[in-house]
């Protein structure tokens, strides 16, 4: 169903307590007058106003037959009528005072389920938070609540967003998927879903960067004193401002002694980098782009079934391990920490530093000129430090080649001012950190204006308190830095006020149900339709629901008998969840399977009745709350 686009209204969201300005980035930009903005198009337009490139700072794909919990919400015959939309914010903020949404806000919307799933970074907690907006539909009353974090982390094992590897064949970038979506004639909330692989590639790259935020916070927390954190911050900012990787070994930096001590003690085998990618999955692997595709309900039900090797619930090995003495580790560490500051932030810092010209000195250049009609070619050197080649055209100097200390830098455009040619955008710097403020070619001799302005920034960092047990917070850092540079910055981070997690129901009185609550309640005792809440209700209700779900539950529990990689399905409880930690060490697994088999016997069924039935064709374990709107 496509909701009328004329209903551009704001639906009141009961928050319990009003979302504080110190909330997650979603709460900062999506809640207005204590309401979540609805419909989705209005919400995205509101978010776009915070981005320098507006809607071009968002990337959207449609995934009709994917791996989300919501994929079954529309029913087996309607995957392409009601696909799930995934939206990643990839654009720079409009200013250093605006919230940084890039790589920090991800939305998953399923219109029929009426659910908006949110992954949103929270500076106060120093982590990504998982939210659900229920009843996000026309005529509904959207309600924002904290997601079940334990359940979310069963898939999001990296504490951050995940996405598939190339070629992203589940998405609307797949020509077969795009053709089937187009055949429905739906507009899908007017989302820009017709695109190539460049869009899922951008989302994949965004989740890769987002994966570094929890990594950086762990490193930040490993610093045991303020001096260590100040040095981490200083080297991070210097790397961002100069555009050069930090290569000095961590072990040779005395200020980082507490970090290296922690590293050697806690991670002797290497600092673990989690894996944000899940395998690429091809729902129509046997179909060529020009061939007809069967879209009957039975076929789509089979296609929507996710084998273990593609399941996000399957345990993923680490992506990497950073060794303390590896020569690449310093660059990796400070690159990860550098993700906390946007290009907009760095440019604003550069402008604030440029406001003070007391550190500017002049350096004579050795230049050669060649006139080519209206164009003058320029070739300038500053000893062995700098080599610049470009062409002067009117009021612009186009630098095609810039080499600083033997390292090639990106080309740039410089514009004529009274001081000489000045770089448009990011200010290039020498390896020692001095900024190239201006290049004066005339009158002779040519001169390069250099500013030793990082001394001011170093002093501002040295004056920052950076208390222990506080996460690295972009807004707090920028607030202090800009104050130290007599410039306007964002307000510091306010207190962290988390939303309450939804009630997951009472525990059973029947002792026979205790193992199920012990190992399944984290995910299956809520009022959500997905995953099914078969442990919600009184004992009689739970008995009935477990009996209905027994064929699928028995298949999932039996997967623990097989080694990872050779299973039909991912076992339950999910291997990454806390509730799976001891399931194979005690008697609970045997007890649960025997109890479920007994329940089937009350219906005259045996376990082996379903032994050769494909998992997708087993009786469904579907328990919908009364408020659910499912086809």
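Rule-based calculations on the coordinates, nothing more; no lab input. Not measured: the values here are computed from a predicted model. Glycine also receives a Cβ, built like all others from the backbone with ideal geometry; neighbour counts cover every protein chain displayed.
Here are the numbers:
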read-out: Helix-derived mean residue ellipticity, 222 nm - over the chain, DSSP H n ≥ 4, -39500 (n - 2.57), to 500; value: -8500 deg cm²/dmol
read-out: Kirkwood hydrodynamic radius over Cα pairs of the chain, then Stokes diffusion coefficient at 37 °C and 0.692 mPa s, in µm²/s; value: 119
read-out: Projected label distance in nm at residue 609 and residue 538, using a 7 Å step from Cα toward the beta-carbon; value: 2.7
read-out: Additional length obtainable on full extension of the chain from residue 261 to residue 149, 0.36 nm per residue less Cα span; value: 37.2 nm
read-out: Which of 469, 32 has the fewest Cβ neighbours within 10 Å, and the rest in rising order; value: 469, 32
read-out: Label-to-label distance, nm, for residues given as residue 616 and residue 514 (7 Å Cα→Cβ offset); value: 4.1
read-out: Cα-based helix-to-principal-axis angle, 257-266 vs the chain, degrees rounded to 10; value: 30
read-out: Cut-off 19 Å, label 7 Å out along Cα→Cβ of residue 41, residues of the range 167-204 by amide N; value: 182, 184-195
read-out: Theoretical gain in end-to-end length, residue 369 to residue 398 [0.36 nm per residue, Cα-Cα removed]; value: 9.0 nm
read-out: Long-range tail of P(r) for the range 502-571 (Cα pairs > 18 Å, %); value: 40
read-out: Label-point gap, in nm, between residue 424 and residue 564 - each point 7 angstrom along Cα→Cβ; value: 5.2
read-out: Alpha carbon centroid spacing (whole Å) that separates the range 85-119 from the range 147-216; value: 12
read-out: Normalised convex hull volume, the range 511-617, alpha-carbon set, Å³ per residue; value: 109
read-out: Segment residue 315-residue 463, length gained on full extension (0.36 nm per residue, minus Cα span); value: 48.9 nm
